[in-house]
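Okay, so here's the structure we're looking at.
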Amino acid sequence: MIALLFSLFFVTAGLALRGKKSLALAGAYLSLFLSLLWFFHHASDELPILL
Amino acid sequence: MHPYRQLNALGIIAISAMLTYAFADQFVNHELPCPLCLLQRLGFVAVSIGLLLNVTHGPRPSHYGFAIAASVAGGAMALRQVSLHVIPGTPGYGSPFLGLHFYTWAFLLFAFMIAAIAMISSLPRQYDDLGWLQWRQQPLLCKLAIVVITIIISLNALAAFSECGPGTCPDNPEQYWLFQD
């Protein structure tokens with residue numbers, strides 16, 4: 001999944017380099033949103049040091 | 001020629017240098033990054049995308065805004081990992097660098113980037129530099145930044161896939177998914 005997120009940012013960089021600004025910015029926000037969703041998935045793990 | 005694009009290119013090169021060091025640590029010291037470590041690398045990549053948009057299309061508040069949003073997200077990821085290891089006697093993850101663990105450095109760097117980008121974005125003259133520049137029109141420093149960050153993102157994608165595969169990364173990875181027995 002994290003490899004997919006890196007790949008999404010790679011595609012976004014490609015869009016920026018090809019002059020597709022709106023698509024690149026939208027892709028960047030989409031990639032960041034999906035990264036945050038994946039972060040919340042990991043951040044909801046229990047804190048073993050507190051248990 | 002295009003000084004603010006080159007300033008953004010310098011930022012991309014600095015982020016690339018950081019990610020290269022983390023990458024080298026992974027392979028030289030055989031320390032596999034945890035899921036939160038990989039997410040922090042994603043945060044740095046996201047910030048560099050905001051700066052890359054400034055390099056290719058000229059500085060814009062919307063690009064700086066994305067870079068700041070990515071810095072806040074990356075800082076939250078780093079702070080989460082700091083909170084996992086903050087209690088005295090709790091072992092940290094990985095080897096320290098200059099007395100601090102990578103995730104602590106990551107939090108400090110994300111905080112620094114928020115402040116730096118906020119200050120640089122407030123300089124008004126850069127917004128006169130309009131339009132998309134083709135590859136051959138880009139200054140040398142910008143070309144270098146584009147090449148370096150493209151390589152770094154693709155290598156990180158390959159390394160993350162070899163470590164985690166298509167699914168969830170283990171909390172404490174000990175071997176690469178691609179090369180497991």
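Observations on the model:
- Protein-only accessible surface at a 1.4 angstrom probe places the residues B:GLU174, B:GLU31, B:GLU163 in the order B:GLU174, B:GLU31, B:GLU163, largest first.
- Solvent exposure, largest accessible area first (probe 1.4 Å, DNA, RNA and ligands not counted), of A:TRP38, B:TRP177, B:TRP135, B:TRP105: B:TRP135, B:TRP177, B:TRP105, A:TRP38
- Ordering B:SER154, A:VAL11, A:HIS41 by Cα displacement along the dipole of the protein assembly as shown toward the positive end leaves A:VAL11 in first place; charges were set at the Cβ atoms of Lys, Arg (+1) and Asp, Glu (-1).
- With DNA, RNA and ligands ignored, accessible area of B:ILE146 (1.4 Å probe; Å², nearest 10): 10 Å²
- Each Lys and Arg Cβ is given +1 and each Asp and Glu Cβ -1; about its Cα centre, the protein assembly as shown then shows a dipole of about 1120 debye.
- Cα-projected label distance for B:ALA116 with B:ALA24, points at 7 Å along beta-carbon direction, nm: 1.8 nm
- Computed helical MRE - 222 nm, the protein assembly as shown, DSSP H runs ≥ 4 contributing -39500 (n - 2.57), nearest 500: -23500 deg cm²/dmol
- Amide H partners (placed H, <5 Å) of B:HIS2, local residues excluded: none
- q = 0.10, 0.14 Å⁻¹: log10 I(q)/I(0) that the Debye formula gives for the stretch B:3-179, counting C-alpha atoms only: -0.42, -0.77
- Residue-wise HN-Hα coupling along the stretch B:27-44, computed from phi with Karplus coefficients 6.51, -1.76, 1.60 (Hz; x: Gly, Pro): 8, 6, 8, 6, 9, 6, x, 6, x, 5, 5, 5, 5, 5, 4, 4, x, 5
- Distant-in-sequence amide contacts of B:PHE97, defined by a placed amide H-H separation under 5 Å and a gap of 5 or more residues or a different chain, comprise B:PHE102.
- The accessible-area ordering, largest first, of the residues B:PHE179, B:PHE110 stands as B:PHE179, B:PHE110, per a 1.4 angstrom probe.
The values are calculated or read from the model by the stated rules, or taken from the named source; none is laboratory data. This structure is a prediction, so every number in the text was calculated from the model and none was measured. We place every Cβ from the backbone using ideal geometry, glycine too, and count neighbours over all the protein chains shown. Calculation scope for accessible area: heavy atoms of the full protein, side chains included, ligands and nucleic acids excluded. Shrake-Rupley method; radii C 1.70, N 1.55, O 1.52, S 1.80 Å.
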